[in-house]
């Protein structure tokens, strides 16, 4: 019986408004036509409700089931990224680098020199001599090299990738919205 309240209430309200208007203008003829119109509207409302009651309720229940399933689902999609990132900056290097040097340096030379020899009778005698040098000099040390430089960097970096994204509906505002829609549509399906 509840399902006929709305069409009957609309019909009664329409009749009351039209009746008040018709009383002032040739009431009898107009009231008769008004009664016919209201009867026809009530019949059409009942027919529409009867025709759509079964299929519409069934469709609404299906939508409610889909909304309930959606509340616990995960939305998965991929985002393609094809961008170029511009980098324009200065990179400052301030540090001391310790460089170990371990080596053996061979020296193979002949040196021409003049030496003076004290001679008899107090006379110095100059003598030209070639001295062969054949020595290996070992080197083992650590050299500190300070670096204080600013290196300008200006480049474009292409970024091309596909990022998979999974969004859980449960616990999000979408789940709350789906629950509210499910409840409202379930109530409407039950009313039909």
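The values are calculated or read from the model by the stated rules, or taken from the named source; none is laboratory data. Keep in mind the model is a prediction, meaning the values are calculated, not measured. For neighbour counting, all protein chains shown are included, and Cβ atoms are generated from backbone atoms with ideal geometry for every residue, glycine included.
Descriptive notes on the structure:
- Unique residue being free of Cβ contacts under 8 Å to residues at least 40 places away in the same chain, surrounded by 10 or more Cβ atoms within 10 Å (Cβ to Cβ) and more than 23 Å from residue 80 (Cα to Cα) when the list is 131, 135: 131
- Qualifying positions in segment 57-82 - touching a strand residue (DSSP E or B) at 6+ places or on another chain (Cβ under 6 Å) and under 25 Å from residue 171 (Cβ atoms): 74, 75, 76, 77, 78, 79
- Residue count for segment 39-57 satisfying the condition of being modelled with pLDDT of 60 or more, exposed (fewer than 12 other Cβ atoms within 10 Å of the Cβ) and within 22 Å of residue 182 (Cβ to Cβ): 1.
- Qualifying position, being at pLDDT below 85 and assigned to a strand (DSSP E or B), among 157, 125, 107: 125
- Among the residues examined, residue 89 qualifies as within 29 Å of residue 160 (Cα to Cα) and either in a strand (DSSP E or B) or in contact (Cβ under 8 Å) with a residue 12 or more places away in the chain (or both).
Conditions (1) surrounded by 10 or more Cβ atoms within 10 Å (Cβ to Cβ); (2) out of contact with any helix residue (DSSP H, G or I) (no Cβ under 8 Å at 6 or more places or on another chain); (3) part of a strand (DSSP E or B), marked per residue:
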position	(1), (2), (3)
61	yes, no, no
64	yes, no, no
77	no, yes, yes
82	no, yes, yes
85	no, yes, yes
93	yes, yes, yes
101	no, yes, yes
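- From the list 85, 81, 145, the one residue that fits, being at negative phi and more than 31 Å from the chain's Cα centre (by Cα), is 145.
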